[in-house]
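Have a look at the structure below, then the notes.
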Amino acid sequence: DTEVTQTPKHLVMGMTNKKSLKCEQHMGHRAMYWYKQKAKKPPELMFVYSYEKLSINESVPSRFSPECPNSSLLNLHLHALQPEDSALYLCASSQDRPNYGYTFGSGTRLTVV
Amino acid sequence: GENVEQHPSTLSVQEGDSAVIKCTYSDSASNYFPWYKQELGKRPQLIIDIRSNVGEKKDQRIAVTLNKTAKHFSLHITETQPEDSAVYFCAAEDSGGGADGLTFGKGTHLIIQP
């Protein structure tokens, strides 16, 4: 299995809702990432997990809460989001060493209403 | 942190001609430079990458060159085809010692004119 799988593919949520995005990989990668991509913009790094521990938080608002239950799974819990949080949320994984390469999932298209 | 600049933002070429996209980066410790192609509504797809121990890498119609001294790298696509139309992103790996994620350029919208 050489893929990163993200669910759901599309999500519409209200500003008072709580929802979660899920990401799964079975390539034995020990680093996993969340990126946010707005329309016509590049992906922006949000969080990095290394060996199931949060290693990088790029000053992301607390309404986004990541979780890494095990080496294959990565979640992003969403609460009290704003319409400007609408974006494509991409998960990626890699070996936890430099120069190795990153595999991206297909993303979750999130709309906050 | 790393900063990646990418030019041009839009590039229109005739089918069959070559396309060149250029990027510069700021962190001299960065050692890994991938290029991604992203079609509308889809994930970024890795098309080629280069590590700092080589100056050039080629895969069929696609090549990447790296100048570590000048801190710039370029993507070259020859014999362009309509299916090459997409947004292309360059990136540099942040140099924290592990796999610390990628910083992307702002993207180039490549348009292949038939």
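Compute the FRET efficiency between B:Val54 and A:Val113 as 1/(1 + (r/R0)^6), taking r as their Cβ-Cβ distance and R0 = 41 Å, and round to the nearest 0.05.
The pair B:Val54/A:Val113 has a calculated efficiency of 0.25.
How big is the dipole moment of the stretch B:16-58 about its Cα centre under a simple scheme where the beta carbon of each Lys and Arg is +1, that of each Asp and Glu is -1, and everything else is neutral? Debye, nearest 20, please.
140
Only sites in a loop by DSSP and with at most 13 other Cβ atoms within 10 Å count here; which chymotrypsin sites (Phe, Trp or Tyr not before Pro) in the stretch A:28-79 make the cut?
Details: sites: A:Tyr33, A:Trp34, A:Tyr35, A:Phe47, A:Tyr49, A:Tyr51, A:Phe64; in loops: A:Tyr51.
For chymotrypsin sites (Phe, Trp or Tyr not before Pro) across the stretch A:28-79 that sit outside H, G, I, E and B with at most 13 neighbouring Cβ atoms in 10 Å, the list reads A:Tyr51.
Measure of size requested: the Rg and Dmax of the stretch B:36-112, with Cα atoms as the atom set and Å as the unit; please supply both.
Here Rg and the maximum Cα pair distance are 13.2, 40 Å.
Can you tell me the FRET efficiency between A:Thr16 and B:Gln113 if r is taken as the Cβ-Cβ distance and R0 is 45 Å, rounded to the nearest 0.05?
After rounding, the FRET efficiency stands at 0.40.
State the dimensionless ratio Rg/Rh of the protein assembly as shown (Rg: radius of gyration of Cα atoms; Rh: Kirkwood radius).
0.98
Determine the dipole magnitude for chain A: charges of +1 sit on the beta-carbon of Lys and Arg, -1 on that of Asp and Glu, nothing else is charged, the reference point is the Cα centre, and the result goes in debye to the nearest 20.
Dipole about the Cα centre, nearest 20: 300 debye.
Within 10 Å of each candidate Cβ there may be at most 13 other Cβ atoms; applying that plus a DSSP loop requirement, which GluC sites (Glu not before Pro) in the stretch B:38-114 survive? Walk me through the intermediate numbers first.
Values: sites: B:Glu39, B:Glu56, B:Glu79, B:Glu83, B:Glu93; in loops: B:Glu39, B:Glu79.
Sparse-neighbourhood loop GluC sites (Glu not before Pro): B:Glu39, B:Glu79.
Starting from the Cα of B:Gln81, step 7 Å along the direction of its Cβ; do the same at B:His7; then give the gap between the two resulting points in nm.
3.1
Could you tell me what % of all Cα pairs in chain A have separations over 24 Å?
Percent of Cα pairs beyond 24 Å in chain A: 18.
Translational diffusion coefficient, Stokes-Einstein: compute it for the stretch B:67-114 using the Kirkwood radius over C-alpha pairs as Rh, at 25 °C and 0.890 mPa s, and state it as an integer in µm² s⁻¹.
Details: Rh = 13.0 Å.
D = 189 µm²/s.
Throughout, read-outs are computed from the coordinates displayed, never taken from laboratory work. These figures come from a predicted structure and were not determined experimentally. Using ideal geometry, Cβ is built from the backbone for each residue, glycine included, and neighbour counts are taken over all protein chains shown.
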